[in-house]
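*Asks:* Here you go, one structure.
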Amino acid sequence: MRKRIVAGNWKMNLDHREGARLAGEILGGLKNRVPQCEIVVMPSFTSLHAVGEALRGSCVSLGAQDLWHEESGAFTGEVSAGMISAAGCRYVLVGHSERRHILGEGRDLLSEKLRAALKGGLSPIYCVGELIEEREAGRAEETVSRQVEEVLGGLDAGGMSKVAIAYEPVWAIGTGRTATTGDASGMHGVIRDLLSKLFGRGTAGETPILYGGSVKPDNARALLSAGDIDGALVGGASLAGDSFLGIVFPT
Ligand code: 13P
């Protein structure tokens, strides 16, 4: 059975005290309940240690929002896979749309980052998604397929077994506009077919594909029960314990 994941990407929100408090709230809400998914929180770098301490010994995993692909050296402001792993992270985002479109990260850099994450023992969550112009021009599937192939293509099955993919249509991020369940599920099917071509059916069937883009407690159930949607990557609604838990336990 493939893994299901609900991950909260806190983006540039919450300092380490606020982050540790939210981690405590999430753990409080998990008491006596068994989630049907792995739960991951992804604070900013400065909060990783404090949030990791708050989560110590719990079932909630820690992830980072980005990494640099070199192991060490003169890269002012950057953080390596080894540092992220030492801070207690299991996961790291690669290729989030805000890094692609605000910070200009593209294929070559993202390939290096993804491979550095794997080499450093982290599980990358590789984010893909089309712009509204690409969707309106009928090029959503082509865009997402290219993003998958140009960075993941060439990985071996061992590497791919550590990767999750997050489909986040850029026009749905932070806008309150969610992809319809059918559109999201359809794109996940396209991604899985491509993974099947690239890596074989076994690997394709094991790769978690998460949906992200305005996931909230009131749309989580429909999205998370749709075919080929194996979890959620949540932005805004992951910043409060009750709304994040409302996605982890959708009603
Ligand atoms: P929102 O849930 O705020 O739309 O953000 C989605 C996202 O970018 C998660 O990585």
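The values are calculated or read from the model by the stated rules, or taken from the named source; none is laboratory data. For clarity, every value in this text was computed on a predicted model and none was experimentally measured. Here the Cβ positions follow ideal geometry from the backbone for every residue, glycine too, while neighbour counts run over all protein chains shown. Note: accessible area is taken over every heavy atom of the protein model, side chains too, but ligands, DNA and RNA are not part of it. Shrake-Rupley method; radii C 1.70, N 1.55, O 1.52, S 1.80 Å.
*Asks:* Please enumerate, by chain and number, the lysines with C-alpha under 23 Å from the C-alpha of LYS119, excluding those fewer than 8 residues away in the same chain.
*Replies:* Within reach: LYS3, LYS162.
*Asks:* Here's a follow-up. Using only the Cα atoms of region 135-181, build the gyration tensor, take square roots of its eigenvalues as a ≥ b ≥ c, and label the shape rounded, prolate or oblate: rounded if a/c is under 1.5, else prolate if a/b is larger than b/c, else oblate.
*Replies:* Oblate, because a/c is 1.5 or more while a/b does not exceed b/c.
*Asks:* Same structure again: Which value, in Å², gives the accessible area per residue of region 1-127 when a 1.4 Å probe is used on the protein heavy atoms?
*Replies:* 50 Å²
*Asks:* A further question follows. Convex hull over the alpha-carbon atoms of the chain: what's its volume per residue in Å³? Can you show the working numbers first?
*Replies:* Values: hull volume 29.6 nm³, N = 251.
Each residue corresponds to 118 Å³ of Cα convex hull volume.
*Asks:* Any idea what % of Cα-Cα pairs in region 25-146 are farther than 25 Å?
*Replies:* 34 percent
*Asks:* Which whole-number value in Å² is the accessible area per residue of region 150-221, probe 1.4 Å? Each step should come with its number before you reach the end.
*Replies:* Working: 2840 Å² over 72 residues.
Each residue of region 150-221 exposes 39 Å² on average to a 1.4 Å probe.
*Asks:* Suppose each label sits 7 Å from its Cα in the direction of the beta carbon; what would the LYS162-ARG221 distance come out to in nanometres?
*Replies:* 3.8 nm
*Asks:* When the accessible area of region 28-172 is computed with all protein chains present and a 1.4 Å probe, what percentage of it is carbon and sulfur?
*Replies:* Roughly 50 percent of what the probe reaches on region 28-172 is carbon or sulfur.
*Asks:* Which of the lysines could a cross-linker span from LYS11 if the Cα-Cα distance has to be under 20 Å and same-chain partners fewer than 8 positions apart are dropped?
*Replies:* Within reach: LYS113, LYS216.
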